[in-house]
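Undergrad: I have a structure I would like to understand better, so I am pasting it below and will then ask my questions one at a time.
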Amino acid sequence: MSMKVASWNVNSLKVRLPQVLEWLQEKSPDVLCLQETKLSDEKFPVAELAEAGYHALYHGQPTYNGVAILSRSVPEDGRCDWPDGSDGQARLCAGTFAGTRVVNVYVPNGQSLESDKYPYKLQWLERLRALIAKELQQWPRLLLVGDFNIAPDDRDVYDPVAWGEEVLCSPPERAALTALLNLGLQDSWRHQHGDLQEWSWWDYRAAGFRRNRGLRIDLILASNALMTKVQDVVIDRNARAAERPSDHAPVLIQLEEV
DNA sequence: ATGGCAAACGCAGTTTGA
């Protein structure tokens, strides 16, 4: 039995609900992880998604952040925030599907190296590393997916010279990502596609998409126990070309015999 | 060469994103 799991930063589910419903119908993923829903929980479109055949596990707040996991089946061991207490930002949720743990994250952006948000980002990533280490003990088959707000290396940046070591590309952020990978995870898209260069995010400004100036910051990290099951990993740039798009494209992984 | 958009909130313009 194969399984399709996707991740998509929708930049407001209120605005993007029609595109999400269309995408669910077109791709029929078993699991779709969303980031930046920007909806408080009472405004989450539970009924519309149920009508489309999807259960929703969601954790939001007004205006900022917000994550959700849409799924054909009801997750086991659903988690909507940190086990050791929230920091007031809705950036994490998780659920288990047929024994495969899916952890959905919206990693803080960091804004700039000088910002207070930058050390917050690094601390957040360290806290995530500790959580994932525990989760892997319980669920060796694990996917860590989401908007990481980190370009793993220079192959993931349209102009690495211009971006330099600024936020999203700085060595401490990349080291934090490497520390996550060192738990026994792999960047599944990179593993599948060698040195290929594709982007998952394009700036709304400066005709970023038309000129194909982007970054690959939306990732699906798969545990070693799952990597042998990976059939394909794709970034759906068609979604970015749609009417009134999110600035991120969905990433979709297909697993066999899960 | 530079800057260039979109969304939330709320009703003008600020803040945030990446």
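The values are calculated or read from the model by the stated rules, or taken from the named source; none is laboratory data. In this text, all values refer to a predicted model and were calculated from it rather than measured experimentally. Ideal geometry is used to build each Cβ from the backbone, glycine not excepted, and the neighbour counts take in all protein chains shown.
Undergrad: I want to confirm something. Restricting to segment A:213-258 and keeping residues that are part of a loop (DSSP other than H, G, I, E, B) and aliphatic (A, V, I, L, M), which single residue is nearest to DNA strand B (Cβ to nearest atom)?
TA: So in segment A:213-258, the residues part of a loop (DSSP other than H, G, I, E, B) come out as A:213, A:216-217, A:228-229, A:236, A:241-247, A:249-250, A:256-258.
Checking which are aliphatic (A, V, I, L, M) leaves us with A:217, A:241-242, A:249, A:258.
Numbers: A:Ile217: 5, A:Ala241: 12, A:Ala242: 11, A:Ala249: 12, A:Val258: 29 Å.
Applying the filter and picking the extreme gives A:Ile217.
Undergrad: Return the residues of segment A:47-94 that are acidic (Asp, Glu), in contact with a helix residue (DSSP H, G or I) (Cβ under 9 Å, 6 or more places away or on another chain) and within 22 Å of A:Ile132 (Cβ to Cβ); say none if nothing qualifies.
TA: A:Asp77, A:Asp84, A:Asp87
Undergrad: Something else now. Mind counting the residues in segment A:135-148 that are surrounded by 24 or more Cβ atoms within 10 Å (Cβ to Cβ) and in a loop (DSSP other than H, G, I, E, B)?
TA: The initial filter retains those residues of segment A:135-148 that are surrounded by 24 or more Cβ atoms within 10 Å (Cβ to Cβ), namely A:142-148.
Filter once more, so that each one left must be in a loop (DSSP other than H, G, I, E, B): A:148.
Selection size over segment A:135-148: 1.
Undergrad: List pairs: first residue in segment A:46-75 and over 27 Å from A:Asp87 (Cβ atoms), second residue among the β-branched types (Val, Ile, Thr) and surrounded by 12 or more Cβ atoms within 10 Å (Cβ to Cβ) anywhere in the structure, Cβ distance under 8 angstrom, at least six positions apart or on different chains.
TA: Within 8 Å, the pairs are A:Arg72/A:Val31.
Undergrad: Every residue in segment A:38-54 that is buried (at least 17 other Cβ atoms within 10 Å of the Cβ) and more than 16 Å from DNA strand B (Cβ to nearest atom), please.
TA: Initially, segment A:38-54 is screened for residues buried (at least 17 other Cβ atoms within 10 Å of the Cβ), giving A:38-39, A:44-45, A:49, A:54.
A:Leu49, A:Tyr54 - these are the residues of segment A:38-54 that are buried (at least 17 other Cβ atoms within 10 Å of the Cβ) and more than 16 Å from DNA strand B (Cβ to nearest atom).
Undergrad: Go through segment A:1-37 and give me each residue that's surrounded by fewer than 22 Cβ atoms within 10 Å (Cβ to Cβ) and either under 15 Å from the mean Cα position of the chain (by Cα) or at pLDDT below 95 (or both).
TA: A:Met1, A:Ser2, A:Lys4, A:Asn11, A:Ser12
Undergrad: Output the residues belonging to segment A:240-258 that are farther than 30 Å from A:Gln138 by Cβ and touching an Asp or Glu at 6+ places or on another chain (Cβ under 9 Å).
TA: Initial filter on segment A:240-258 (farther than 30 Å from A:Gln138 by Cβ): A:240-247, A:249.
Selection gives A:Arg240, A:Ala242, A:Ser246, A:Asp247, A:Ala249.
Undergrad: Restricting attention to segment A:178-190, does a residue exist that is in contact with a Gly (Cβ under 9 Å, 6 or more places away or on another chain) and crowded, with 17+ Cβ neighbours inside 10 Å? Don't jump to the end; show me each part of the working.
TA: Going residue by residue through segment A:178-190, those that are in contact with a Gly (Cβ under 9 Å, 6 or more places away or on another chain) are none.
No, segment A:178-190 contains no residue that is in contact with a Gly (Cβ under 9 Å, 6 or more places away or on another chain) and crowded, with 17+ Cβ neighbours inside 10 Å.
Undergrad: Additional query: Name the one entry in A:Arg174, A:Arg127 that is in contact (Cβ under 8 Å) with a residue 12 or more places away in the chain, more than 15 Å from DNA strand B (Cβ to nearest atom) and either surrounded by fewer than 19 Cβ atoms within 10 Å (Cβ to Cβ) or in a strand (DSSP E or B) (or both). Can you show your working first?
TA: Values: A:Arg174 fails: more than 15 Å from DNA strand B (Cβ to nearest atom).
The conditions single out A:Arg127.
Undergrad: Considering only segment A:130-171, state which residues are of a type in the set (Gly, Ala, Ser) and in contact (Cβ under 8 Å) with a residue 12 or more places away in the chain.
TA: Within segment A:130-171, the subset of a type in the set (Gly, Ala, Ser) is A:130, A:133, A:146, A:151, A:162, A:164, A:170.
Those that are of a type in the set (Gly, Ala, Ser) and in contact (Cβ under 8 Å) with a residue 12 or more places away in the chain: A:Ala133, A:Gly146, A:Ala151, A:Ser170.
Undergrad: Next question, about the same structure. Give the number of residues within segment A:191-210 that are surrounded by 13 or more Cβ atoms within 10 Å (Cβ to Cβ) and closer than 21 Å to A:Asp247 by Cβ.
TA: The total comes to 9.
Undergrad: Moving to a separate point now. Somewhere in segment A:17-35, is a residue part of a helix (DSSP H, G or I), hydrophobic (A, V, I, L, M, F, W, C), within 12 Å of DNA strand B (Cβ to nearest atom) and more than 29 Å from A:Leu226 (Cα to Cα)?
TA: From segment A:17-35, those part of a helix (DSSP H, G or I) are A:17-27; that's our starting set.
If we keep only those that are hydrophobic (A, V, I, L, M, F, W, C) too, we end up with A:17, A:20-21, A:23-24.
Imposing the further condition that a residue be within 12 Å of DNA strand B (Cβ to nearest atom) reduces the set to A:17.
Next, only the ones that are more than 29 Å from A:Leu226 (Cα to Cα) stay: A:17.
Yes, there is a match, as at least one residue in segment A:17-35 is part of a helix (DSSP H, G or I), hydrophobic (A, V, I, L, M, F, W, C), within 12 Å of DNA strand B (Cβ to nearest atom) and more than 29 Å from A:Leu226 (Cα to Cα).
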